[in-house]
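Reviewing the structure listed below.
Just so it is clear, none of the values below were taken in a lab; they were calculated from the coordinates. From a predicted model like this one, the values you see are computed outputs, not experimental measurements. We place every Cβ from the backbone using ideal geometry, glycine too, and count neighbours over all the protein chains shown.
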Amino acid sequence: MLPPTRGRPAPRREAKPAAAAAPGKIRIIGGHLRNSRLNVPALPGLRPTPERVRETLFNWLAPWVEGARCLDLFAGTGALGLEALSRGAGEVVFVERDPGLAAALRANLDRLRQIHGQVLNLDGLAALARLAPAFDLVFLDPPFDADLWSAAAQRLESGGLLKPHALVYVEAPAAAAPALPPGWLAHREGRAGDVRYVLYRRDAGLA
C-alpha cells in the first residue's frame with residue numbers, strides 16, 4: 001500500500017458549463033401525421049394546446065375538418081393547424097408574428113411534406129385585413145396576456161372572413177369573458193384547469 005501523500009492539495013475539477021435546456025416537444029395525436037414531433041422553444045407566452053384538449057377538440061371536429069379551409073391565427077407552434085392538416089383539412093393558413101416561430105413552422109411543413117399549409121409572418125390582427133375570405137374553421141388562441149379575443153373575433157366577423165356556418169375554436173382563461181359576435185353560438189365546451197375552451201358555430205341568421 002502506498003503511503004498517503006501530504007501537503008499536496010487535491011486536484012481541482014474544472015466546472016462544466018451548464019448544458020443548454022433542450023426544447024420541449026409536442027406530438028401530433030391523430031391522422032396521417034400521428035406521432036410526428038414538434039419542437040417547443042422556451043418563449044414567454046408560448047403555450048401549446050395540451051394533447052388532451054386537442055384530442056377532445058378534434059373529436060368534436062371530426063365531421064367537418066376534412067377538406068376544410070382553416071385559419072390558425074396566433075399560430076405559435078402551429079399544433080392546431082398541423083393537427084387539422086393531419087386529419088385532412090384542405091388548406092391551413094398559419095399566422096404568426098414571431099419570425100423564429102414562423103420560420104420553424106415553415107420548416108415543419110417542409111419536413112412533414114405538407115403542401116397545403118401557408119405561413120404568414122404577420123401580426124394576427126393586422127393579417128385579418130389581408131386574408132382572402134372565407135374560412136370554414138378558425139383556431140383563435142392568442143397569448144393569454146394580450147387580451148385579443150374580442151378584437152380578433154369582431155374583425156373576423158366584420159371582415160367577411162367566415163363562411164355562413166363556420167366553426168371557431170376559442171381558448172382563453174376560465175375567468176376571461178371575451179365579447180364575441182352575437183351570431184357565434186357555443187356548440188361544445190370544456191375546461192382544463194384554469195383554461196376554458198369552446199367550439200362556436202356561426203349562425204348566419206344572427207350575425
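At-a-glance table
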quantity: Rg/Rh for the chain, where both radii come from Cα atoms and Rh is the Kirkwood radius; calculated: 1.20
quantity: Positive-end extreme of charge dipole, the chain - chosen from Gln118, Pro63, Val168 (charges on Cβ); calculated: Gln118
quantity: Order by protection proxy (mean Cβ within 10 Å, highest first), peptides 130-141, 71-82, 55-66; calculated: 71-82, 130-141, 55-66
quantity: Chain lengthening between Leu185 and Arg37 when straightened (0.36 nm per residue, less Cα-Cα); calculated: 49.9 nm
quantity: Contour excess over end-to-end distance, with Cα ends at Ala146 and Ser158 and 0.36 nm allotted per residue; calculated: 2.2 nm
